[in-house]
1. Spot the failing condition for LYS50; the list is (1) in a helix (DSSP H, G or I); (2) touching a strand residue (DSSP E or B) at 6+ places or on another chain (Cβ under 6 Å), and only one is missed.
2. I'd like the full set of residues that are small (Gly, Ala, Ser) and modelled with pLDDT of 90 or more, limited to segment 25-37.
3. Of the numbered conditions (1) under 24 Å from ILE77 (Cα atoms); (2) not in a helix (DSSP H, G or I), GLN29 satisfies every one except a single condition; which is it?
4. Quick check: anything in segment 3-23 in a helix (DSSP H, G or I) and closer than 22 Å to ILE77 by Cβ?
5. Residues in segment 53-77 that are part of a helix (DSSP H, G or I), over 15 Å from the mean Cα position of the chain (by Cα) and among the β-branched types (Val, Ile, Thr): how many?
6. Looking at the structure I just gave you, is ILE49 closer than 26 Å to ASN5 by Cβ, touching a Gly at 6+ places or on another chain (Cβ under 9 Å) and not basic (Lys, Arg)?
7. So which residues in segment 49-64 are farther than 16 Å from TYR26 by Cα and either in contact with a Leu (Cβ under 7 Å, 6 or more places away or on another chain) or exposed (fewer than 11 other Cβ atoms within 10 Å of the Cβ) (or both), if there are any at all?
8. Which one of the conditions (1) outside any helix (DSSP H, G or I); (2) modelled with pLDDT of 90 or more; (3) out of contact with any Gly (no Cβ under 7 Å at 6 or more places or on another chain) does THR40 fail to meet, given that it meets all the rest?
Amino acid sequence: MAMTNKNVRVENDFLGGKELPIEAYYGIQTLRAVENFPITGYKIHESLIKAFAVVKKAAALANTDVGRLELNKGGAIAE
């Protein structure tokens, strides 16, 4: 019987699957970028990350309102 870790989720892309923390708002592409491109050593400021989240939420809500995004997907993104 396989053991499952409730603290991670598995996402897949064309390179295969990777485990991500269950609470992470980022996906497999961001995880791969962080692993493969630590060029500057600088971290993105928390304020910029929060600003991206606000823009993403606004875009999801707007696209849901005009019918370009399904309600369940828009709600999940806005959450």
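The values are calculated or read from the model by the stated rules, or taken from the named source; none is laboratory data. Just so you know, these numbers come straight off a predicted model, no measurement behind them. All Cβ positions, even for glycine, are placed from backbone atoms using ideal geometry, and neighbour counts span all protein chains on display.
1. Failing condition for LYS50: (2).
2. Pass one, segment 25-37, residues small (Gly, Ala, Ser): 27, 33.
Correct list: GLY27 only.
3. Going through the list (1) under 24 Å from ILE77 (Cα atoms); (2) not in a helix (DSSP H, G or I), GLN29 breaks only (2).
4. Here is the first cut: in segment 3-23, the residues in a helix (DSSP H, G or I) are none.
No, the conditions are met nowhere in segment 3-23.
5. Adding up the residues that qualify gives 1.
6. On the way: closer than 26 Å to ASN5 by Cβ: yes; touching a Gly at 6+ places or on another chain (Cβ under 9 Å): no; not basic (Lys, Arg): yes.
Spelling it out, it is not the case that ILE49 is closer than 26 Å to ASN5 by Cβ, touching a Gly at 6+ places or on another chain (Cβ under 9 Å) and not basic (Lys, Arg).
7. First pass over segment 49-64, keeping only residues farther than 16 Å from TYR26 by Cα: 58-59, 61-64.
Selection gives ASN63, THR64.
8. (2) is the only condition that THR40 fails.
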